[in-house]
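S.K.: Before anything else, here's the structure in question.
The values are calculated or read from the model by the stated rules, or taken from the named source; none is laboratory data. Just so it is clear, the model here is predicted, and its values are computed rather than measured. Cβ: placed from backbone, ideal geometry, glycine included. Neighbour counts: every protein chain shown.
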Amino acid sequence: MGRFDGKVALITGAASGIGRATALLLAQRGASIIGFDIDGSALADAVDEAQAKGGTMTAVVGDVSSRDDCHAAVAEAIDEYGRIDLLANIAGVASSQHLTDLGQDDWDRLVGVNLSGVVWCAQAAIPHLLETNGSMVNVASSAAMIGQAYTVAYSATKGGVVALTRSLAMEYARTGIRINAISPGAVDTSLTRDYQIPDEADMKLVQRYIGFRGMAGPSEIAEVIAFLASDDARRIHGTVIPVDGGLTTG
Ligand SMILES: NC(=O)c1ccc[n+]([C@@H]2O[C@H](COP(=O)([O-])OP(=O)(O)OC[C@H]3O[C@@H](n4cnc5c(N)ncnc54)[C@H](O)[C@@H]3O)[C@@H](O)[C@H]2O)c1
């Protein structure tokens with residue numbers, strides 16, 4: 001028997017990186033997965049991989065920054081599986097620039113995906129999580145916990161994820177659902193591989209948010225999400241757990 005047999009997990013950003021690793025891990029442990037991502041072909045590939053390993057996974061292609069798409073993804077999960085036990089808000093985008101170079105499009109994209117996406121998916125999923133006493137795990141970042149140069153927009157969205165996680169946890173304190181976040185440090189995914197710091201960046205400032213233990217693998221982060229989604233974490237609610245190898249310790 002898998003740990004998550006009979007459970008249904010809606011996972012945003014399931015096509016790549018941390019989201020994909022989480023989808024594959026939970027599918028392997030028995031959960032039925034609804035993977036929600038804007039990248040249809042990578043998502044189809046993730047579904048193939050989950051199914052090849054004996055898991056159950058369905059793709060929903062859409063944009064988390066769209067309220068309608070988030071509500072449609074939740075409706076699809078209910079149509080397909082009849083319940084939702086876990087919402088993992090993992091989809092995200094990053095960019096790096098001097099604040100003085102930040103354009104309207106980039107700001108709107110970061111806020112739309114990283115912050116509005118969590119709000120809309122949470123809004124749509126909560127009535128169903130209340131029915132199952134399910135849980136929500138939001139992916140923030142160490143960028144929300146320490147001052148990080150050249151990422152004002154990204155850091156602000158992740159700070160928003162931390163604040164909304166705590167606020168929502170308090171709003172639902174007297175129910176059976178659990179709402180938590182994690183704040184990873186650097187993780188080896190396409191997000192970090194494509195990351196470009198400004199040409200004129202002061203490397204002494206950048207160095208302090210790299211840390212001392214190298215990058216985590218996406219499956220190491222997925223394990224923490226799986227723990228938070230499991231009954232072992234039944235007393236954990238309204239918390240932000242750093243998964244950063246000590247980066248934000250001091
Ligand atoms: N990689 C890191 O170092 C790191 C560190 C801390 C936090 N995070 C956070 O972890 C999360 C996952 O990032 P990752 O590193 O796995 O990156 P990734 O680029 O590998 O995966 C992100 C996924 O989100 C999807 N996505 C992007 N925009 C979307 C949209 N509008 N609608 C639906 N899906 C969309 C992408 O298609 C992709 O599949 C993000 O929220 C990121 O901010 C990453």
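S.K.: Here are the criteria: (1) surrounded by fewer than 16 Cβ atoms within 10 Å (Cβ to Cβ); (2) away from the ligand (no atom under 11 Å from the Cβ); (3) under 18 Å from the mean Cα position of the chain (by Cα). Tell me which single one Gly246 does not satisfy.
M.R.: Checking Gly246 against (1) surrounded by fewer than 16 Cβ atoms within 10 Å (Cβ to Cβ); (2) away from the ligand (no atom under 11 Å from the Cβ); (3) under 18 Å from the mean Cα position of the chain (by Cα), the one that fails is (3).
S.K.: Mind checking which residues of region 66-88 are acidic (Asp, Glu) and in contact with a strand residue (DSSP E or B) (Cβ under 9 Å, 6 or more places away or on another chain)?
M.R.: Asp69, Glu76, Glu80, Asp85
S.K.: Also, quick follow-up: Check region 178-192 and report whether any residue there is more than 15 Å from the ligand (Cβ to nearest atom) and either under 26 Å from Leu26 (Cα atoms) or assigned to a strand (DSSP E or B) (or both).
M.R.: yes
S.K.: I'm trying to understand the selection: among the residues of region 196-221, which are touching a residue at least 60 places away in the same chain (Cβ under 8 Å) and either near the ligand (Cβ under 8 Å from one of its atoms) or of a type in the set (S, T, N, Q) (or both)?
M.R.: Gln196, Pro218, Ser219, Ile221
S.K.: Further question on the same structure: For region 141-171, enumerate the residues that are surrounded by 18 or more Cβ atoms within 10 Å (Cβ to Cβ), among the hydroxyl-bearing types (Ser, Thr, Tyr), within 24 Å of Ile126 (Cα to Cα) and more than 12 Å from the ligand (Cβ to nearest atom).
M.R.: Selection gives Thr165 alone.
S.K.: To continue, here is another question. Restricting to region 125-171, give me the number of residues that are outside any helix (DSSP H, G or I), over 27 Å from Gln196 (Cα atoms) and touching an Asp or Glu at 6+ places or on another chain (Cβ under 8 Å).
M.R.: 2
S.K.: Here's another thing I want to ask about it. So which pairs qualify, if the first residue must be in region 41-55 and more than 11 Å from Ala27 (Cβ to Cβ), the second must be among the small types (Gly, Ala, Ser) and at pLDDT 95 or above, the Cβ gap must be under 7 Å, and the two must be at least 6 apart or on different chains?
M.R.: The qualifying pairs are Ala42/Ala15; Ala42/Ser16; Leu43/Ala14; Leu43/Ala15; Leu43/Gly35; Leu43/Ala59; Ala44/Ala59.
S.K.: Right, another one. Could you list, ordered by first residue, the pairs with Cβ atoms under 7 Å in which the first is in region 122-148 and farther than 18 Å from Gly176 by Cβ and the second is among the aliphatic types (A, V, I, L, M) and assigned to a helix (DSSP H, G or I), at least 6 apart or interchain?
M.R.: What qualifies is Ala124/Val74; Asn138/Val118; Asn138/Val161; Val139/Ile18; Ala140/Val161; Ala140/Val162; Ala144/Val161; Ala144/Val162.
Okay, residues lined up against (1) within 17 Å of Ile126 (Cβ to Cβ); (2) away from the ligand (no atom under 13 Å from the Cβ); (3) over 19 Å from the mean Cα position of the chain (by Cα):
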residue	(1), (2), (3)
Leu43	no, no, no
Asp48	no, yes, yes
Ala52	no, yes, yes
Val61	no, no, no
Cys70	yes, no, no
Ala75	yes, yes, yes
Ala88	yes, no, no
Gly92	no, no, no
Ser96	no, no, yes
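S.K.: Among the residues of region 210-250, which ones are of a type in the set (A, V, I, L, M, F, W, C), part of a loop (DSSP other than H, G, I, E, B) and within 22 Å of Ala173 (Cβ to Cβ)?
M.R.: Ile236, the sole residue that qualifies.
S.K.: Please work out if Glu80 is surrounded by fewer than 16 Cβ atoms within 10 Å (Cβ to Cβ), touching a Ser or Thr at 6+ places or on another chain (Cβ under 8 Å) and closer than 23 Å to Ile177 by Cβ.
M.R.: yes
S.K.: What number of residues within region 199-224 satisfy the criterion of being farther than 24 Å from Gly250 by Cβ and at pLDDT below 95?
M.R.: 2
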